[in-house]
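Data first, discussion second: the structure below is written as structure tokens.
The values are calculated or read from the model by the stated rules, or taken from the named source; none is laboratory data. The structure displayed is predicted, hence computed values, not measured ones. Neighbour counts run over all protein chains shown; Cβ positions are idealised from the backbone, glycine included.
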Amino acid sequence: MTLLEVTGLTKRYAGLTALDRVSFAVSEAEILGLFGPNGAGKTTCFHCLSGFAVPDGGRVVFDGRDVTGWPPHRLAQAGIARTFQIVRPFRNLTVLDNVLVALGHRRYERLGALLGTWRGREPRRRALGILERVGLAAEADRMAGLLPLGMLKRLEVARALALAPRLLLLDEPFGGLAAEETAALAALVADLRAQGLTVVLVEHQMRVAMALVDRVVVLDHGALIAAGPPDAVRGDARVVEAYLGTDAVARGH
Amino acid sequence: MYVYTVATLLGIYCILTLGLNTITGIAGQISLGHAAFLGIGAYTAAILTVRHAWDFWPALLAAVAVTAAAGALVGAAAIRVREDFLAITTMGVNFVVVAVFLYFPFFGGAFGIGGIPAPSWPGGSLGKPGLFLLVLAGVLLALGVNLWLLRSWVGLALLATREDEDAARAAGVNVRRFKIVAFTVGTALAGLAGSFYAHFLTFISPEDFGFAFSITILCMLVFGGIGTNRGAILGAGVLGVLPELFRPLADYRMLTYGAILLLMMRWAPHGLLGDESALWRALARRRGAP
Amino acid sequence: MSTLVQQLVNGLTVGSLYALMALGLTMVYGVLRVLHIAHAGVFTLGAYAGLWAFRGSGSFWAALLAAMAAAVLLGLAMERWVYRPLLAKPPIATLIASIGVFIGLEELYRIVAGPQPHGFEVPLALPALRAGGVLVTAPQLLVALVTGVLLAGLWLLLARTELGLAIRAASQDAEVATACGMNTRRVVALTFGVGSALAGAGGMLVGVFYNSVSPTMGSVTAYKGLAIIVLGGLGSVPGTVAGGLIVGVVETLVISLVEFPLPRDAWAFLAMIAVFLARPQGLFSAR
């Protein structure tokens with residue numbers, strides 16, 4: 001069953017077409033890899049899906065609803081959660097409170113936001129449960145700004161999970177992590193999928209990412225150039241060219 | 001009687017710093033125009049009671065409502081301009097509001113509005129001690145509002161907005177709405193203070209509400225510890241009473257405030273009693289030890 | 001027609017004074033990404049230093065040099081003891097500190113020189129030009145001459161010297177500039193020096209032009225300066241010069257044509273707020 005359907009997604013910045021009529025679909029409980037060389041439009045695509053950029057054309061349909069151009073907080077409330085490539089914790093809040101912010105997502109639109117409290121036992125219990133899933137329960141009462149990068153990456157995931165999402169958008173979750181941290185996080189992502197969560201993964205570290213994904217979509221210069229299972233895409237001539245081409249340019253510098 | 005005068009003034013300062021703390025300390029939206037909202041509240045109360053013979057209490061409510069509406073407008077502006085540009089926008093708002101008071105005859109021009117009646121109780125007029133008690137109740141109300149906010153999910157959303165707007169949006173927080181909420185609540189408190197101020201002085205004029213006073217309020221908040229209600233109250237108390245104790249300080253008030261702002265930012269950005277200040281941490285350790 | 005040209009001349013004069021003030025703001029914003037509110041204090045110091053040096057020496061040019069030198073010293077001191085230690089702190093801390101310095105300086109000028117404005121009359125050896133119905137007064141000619149020389153000097157510095165290149169690189173991207181082996185600290189100090197020199201000259205010229213030096217003369221100018229750098233695209237030197245001239249001309253024209261119930265500065269503030277709201281990232285900026 002299709003959970004997310006992207007049709008003809010287009011985004012221009014000051015004359016530059018960052019995304020050019022990109023279409024793909026994500027089925028329920030699959031991990032889709034969104035790959036491509038630097039500047040291919042992955043980040044723009046990611047922004048359009050998470051509401052941080054408004055597309056100039058095309059449609060995004062999530063769970064049967066047209067969510068094109070919705071603002072981030074509405075998408076978050078509707079069940080699309082994202083993480084940030086460069087971690088963005090609420091530094092002066094505790095790890096637990098970071099998760100609580102996202103746990104409150106259903107309340108912020110109602111008057112009940114003024115009546116209930118986030119300092120009760122019940123919200124704390126639920127937030128601790130989420131921290132346990134990502135292995136951060138022991139850090140619950142530390143200030144988020146004091147955590148090392150590996151933990152902050154997991155905090156990003158914890159905050160996303162607190163939205164009880166149906167679709168999880170991961171923006172380079174493995175960047176800057178040590179090997180064992182990467183393995184642990186990859187295992188967590190695989191585990192989440194096994195529990196029925198759908199994931200879109202943007203990642204540069206191909207070895208980890210290719211092992212994790214069920215299907216791959218490759219962008220280059222804002223256009224979709226290949227889609228399919230990892231093995232098929234790996235051998236695709238246009239994909240090889242896109243990657244090798246940029247590599248050659250990079251080496252030329 | 002002098003004691004009541006000073007105490008009442010300190011109470012008004014407290015309401016102002018608590019209101020600014022809602023906007024700048026809790027929600028992280030810097031405002032350099034808080035005195036303008038004090039002025040809007042004061043002028044509303046003064047015009048209604050002097051010219052339209054309103055009773056003190058309905059005029060108080062009107063002052064709060066009008067000021068909160070003006071604050072909501074500025075909060076809407078905070079959606080488009082961020083951080084330092086919000087700071088200079090609010091600074092501009094302060095200048096414009098004072099100019100309007102000064103140049104529109106409706107507001108009494110440079111002479112302002114005089115003959116503002118003392119607040120009345122059903123039993124008769126409130127004396128100075130009565131007014132002080134009223135202001136004290138106002139301080140408790142402002143403190144209660146902030147404590148309530150911080151306890152509620154709204155408060156958590158405001159804290160998240162302060163820490164990182166984009167991350168807050170990704171976590172389901174409607175940042176725009178909560179900025180307006182913060183400005184509305186904070187300026188409503190300034191409106192409350194404005195009504196008290198007008199009836200306390202019985203005479204108000206435009207220069208009472210200038211940029212310098214906005215800086216004074218900010219300075220009190222920074223000095224006590226921005227982001228905390230105890231800091232807001234301590235700052236208002238200490239910096240409010242100092243010029244009364246040391247007259248020379250009153251003459252060099254702005255120089256002192258300027259120095260405090262610079263030195264606090266340089267060496268003690270969390271103020272005297274902020275959560276991360278040396279003093280507060282030492283106190284927390286002592287409480288935790290036994 | 002000639003009144004229109006006359007207003008244009010008047011507006012350009014005022015505008016070039018705004019530009020002198022705003023250039024320091026935009027350059028500092030370019031390299032440090034902070035709003036240097038205390039720049040207004042540098043501007044005012046230039047006026048006072050120029051006034052005192054003129055009373056001592058009787059020479060306009062010696063006074064101008066003194067104004068610029070005093071401004072440079074103050075600017076460098078602020079860079080060293082206010083901004084550099086606060087670089088790692090959130091921008092709000094820098095801004096608050098900067099405002100602290102600004103109001104402290106204003107108060108200091110008031111204490112030292114008194115709250116009343118001082119006259120600053122300079123006997124000028126320049127003629128007044130008259131063509132058709134248009135009059136260019138001697139002070140206007142002086143302002144045009146000095147700003148012209150200073151702007152040409154600034155252009156030479158930025159376009160033709162290595163330090164100028166470093167400033168431009170740092171305002172594009174400080175990290176890259178550091179990575180390319182440029183000493184960013186020196187570049188930042190130089191930026192403060194150059195910006196302050198221009199503001200010092202601007203302050204003195206404003207004092208001479210309006211024949212008045214007062215402790216708070218920097219406030220309104222500073223506020224217009226902030227709006228001008230937003231108009232000009234933050235960090236852009238040519239944009240700021242254009243922005244300054246445009247604000248000067250528009251202000252002069254509008255005020256000569258329409259009668260408002262509010263003083264011109266209040267309208268200036270309203271216009272600035274409109275600018276911030278309309279285009280927070282600058283009107284001429286591609287970003």
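The figures follow:
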| read-out | value |
| --- | --- |
| All positions within the range B:60-83 that are within 14 Å of another protein chain (Cβ to nearest Cβ), in a helix (DSSP H, G or I) and either free of Cβ contacts under 8 Å to residues at least 12 places away in the same chain or over 21 Å from residue C:95 (Cα atoms) (or both) | B:70, B:73, B:76, B:80 |
| Complete set of residues in the range C:272-287 that are more than 9 Å from chain B (Cβ to nearest Cβ) and at pLDDT below 80 | C:275, C:279, C:281, C:282, C:283, C:284, C:285, C:286, C:287 |
| Identity of the residue in the range C:1-32, in contact with an Asp or Glu (Cβ under 9 Å, 6 or more places away or on another chain) and either among the β-branched types (Val, Ile, Thr) or outside any helix (DSSP H, G or I) (or both), that ends up surrounded by the most Cβ atoms within 10 Å (Cβ to Cβ) | C:28 |
| Number of positions in the range C:74-106 that are of a type outside the set (D, E, K, R), free of Cβ contacts under 8 Å to residues at least 24 places away in the same chain and either more than 12 Å from chain B (Cβ to nearest Cβ) or not in a helix (DSSP H, G or I) (or both) | 3 |
| Flag if residue A:43 is within 14 Å of chain B (Cβ to nearest Cβ), out of contact with any helix residue (DSSP H, G or I) (no Cβ under 8 Å at 6 or more places or on another chain) and touching a residue at least 12 places away in the same chain (Cβ under 8 Å) | yes |
| Count of residues meeting criterion [β-branched (Val, Ile, Thr) and farther than 15 Å from residue A:24 by Cβ] in the range A:219-238 | 0 |
| Condition check for residue B:129: within 14 Å of chain C (Cβ to nearest Cβ) and farther than 15 Å from residue B:42 by Cβ | no |
| Residue count for the range B:205-253, restricted to those that are among the β-branched types (Val, Ile, Thr) and in contact with a Lys or Arg (Cβ under 8 Å, 6 or more places away or on another chain) | 1 |
| Filter result for residue A:32 (crowded, with 20+ Cβ neighbours inside 10 Å, part of a strand (DSSP E or B), more than 8 Å from chain B (Cβ to nearest Cβ) and over 16 Å from the mean Cα position of the chain (by Cα)) | no |
| Any hit, the range C:34-55, residues being away from chain B (no Cβ under 14 Å) and more than 15 Å from residue C:201 (Cα to Cα) | yes |
| Filter pass, residue B:200 being under 30 Å from residue A:101 (Cβ atoms), of a type in the set (A, V, I, L, M, F, W, C), in a helix (DSSP H, G or I) and touching a residue at least 60 places away in the same chain (Cβ under 8 Å) | no |
| Unmet requirement for residue C:71, which otherwise passes all of (1) closer than 20 Å to residue C:193 by Cα; (2) modelled with pLDDT under 90; (3) more than 14 Å from chain B (Cβ to nearest Cβ) | (2) |
| Subset tally (residues that are in contact (Cβ under 8 Å) with a residue 12 or more places away in the chain, of a type in the set (A, V, I, L, M) and part of a strand (DSSP E or B)) for the range C:107-139 | 4 |
| Breaking point among (1) among the aromatic types (Phe, Trp, Tyr); (2) buried (at least 22 other Cβ atoms within 10 Å of the Cβ); (3) without any contact (Cβ under 8 Å) to a residue 60 or more places away in the chain, for residue A:52 | (2) |
| Test: residue in the range A:141-153 that is part of a helix (DSSP H, G or I), farther than 28 Å from residue C:90 by Cβ and touching a strand residue (DSSP E or B) at 6+ places or on another chain (Cβ under 7 Å) | no |
| Residue that is farthest from the other protein chains (Cβ to nearest Cβ), among those in the range B:151-193 that are buried (at least 24 other Cβ atoms within 10 Å of the Cβ) and outside any helix (DSSP H, G or I) | B:173 |
| Of residues in the range A:107-125 being among the basic types (Lys, Arg) and closer than 14 Å to residue A:77 by Cβ, the one nearest to the other protein chains (Cβ to nearest Cβ) | A:107 |
| From the options B:255, B:234, B:242, residue that is of a type in the set (A, V, I, L, M, F, W, C), touching an Asp or Glu at 6+ places or on another chain (Cβ under 7 Å) and without any contact (Cβ under 8 Å) to a residue 40 or more places away in the chain | B:255 |
| Check on residue B:190, modelled with pLDDT of 95 or more and closer than 29 Å to residue C:98 by Cβ | yes |
| Filtered residues of the range A:149-188 (kept if in contact with a His (Cβ under 8 Å, 6 or more places away or on another chain) and acidic (Asp, Glu)) | A:172 |
| Test result for residue B:196, out of contact with any Cys (no Cβ under 7 Å at 6 or more places or on another chain), away from chain A (no Cβ under 14 Å) and at pLDDT below 95 | no |
| Filter result for residue B:142 (crowded, with 17+ Cβ neighbours inside 10 Å, within 24 Å of residue B:14 (Cα to Cα) and away from every other protein chain (no Cβ under 14 Å)) | yes |
| Any hit, the range A:73-83, residues being more than 24 Å from residue B:147 (Cβ to Cβ), within 21 Å of the chain's Cα centre (by Cα) and more than 11 Å from every other protein chain (Cβ to nearest Cβ) | no |
| Members of the range B:248-262 found to be over 19 Å from the mean Cα position of the chain (by Cα) and either more than 24 Å from residue C:94 (Cβ to Cβ) or within 8 Å of chain C (Cβ to nearest Cβ) (or both), listed by number | B:248, B:249, B:250, B:251, B:252, B:255, B:259, B:262 |
| Matching entry among B:285, B:266 (being among the charged types (D, E, K, R), over 18 Å from residue C:108 (Cα atoms) and at pLDDT 85 or above) | B:266 |
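Results for (1) touching a helix residue (DSSP H, G or I) at 6+ places or on another chain (Cβ under 6 Å); (2) in a helix (DSSP H, G or I), shown as yes or no for each residue.
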site: A:159; (1), (2): yes, yes
site: A:163; (1), (2): yes, no
site: A:183; (1), (2): no, yes
site: A:186; (1), (2): yes, yes
site: A:191; (1), (2): no, yes
site: A:209; (1), (2): no, yes
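Residues are listed down the side, and each one gets a yes or a no for (1) at pLDDT below 90; (2) in contact with a Pro (Cβ under 7 Å, 6 or more places away or on another chain); (3) more than 30 Å from residue B:249 (Cβ to Cβ):
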{"site": "C:92", "(1), (2), (3)": "yes, no, no"}
{"site": "C:112", "(1), (2), (3)": "no, no, no"}
{"site": "C:121", "(1), (2), (3)": "yes, no, yes"}
{"site": "C:128", "(1), (2), (3)": "yes, no, yes"}
{"site": "C:143", "(1), (2), (3)": "no, no, yes"}
{"site": "C:159", "(1), (2), (3)": "yes, no, yes"}
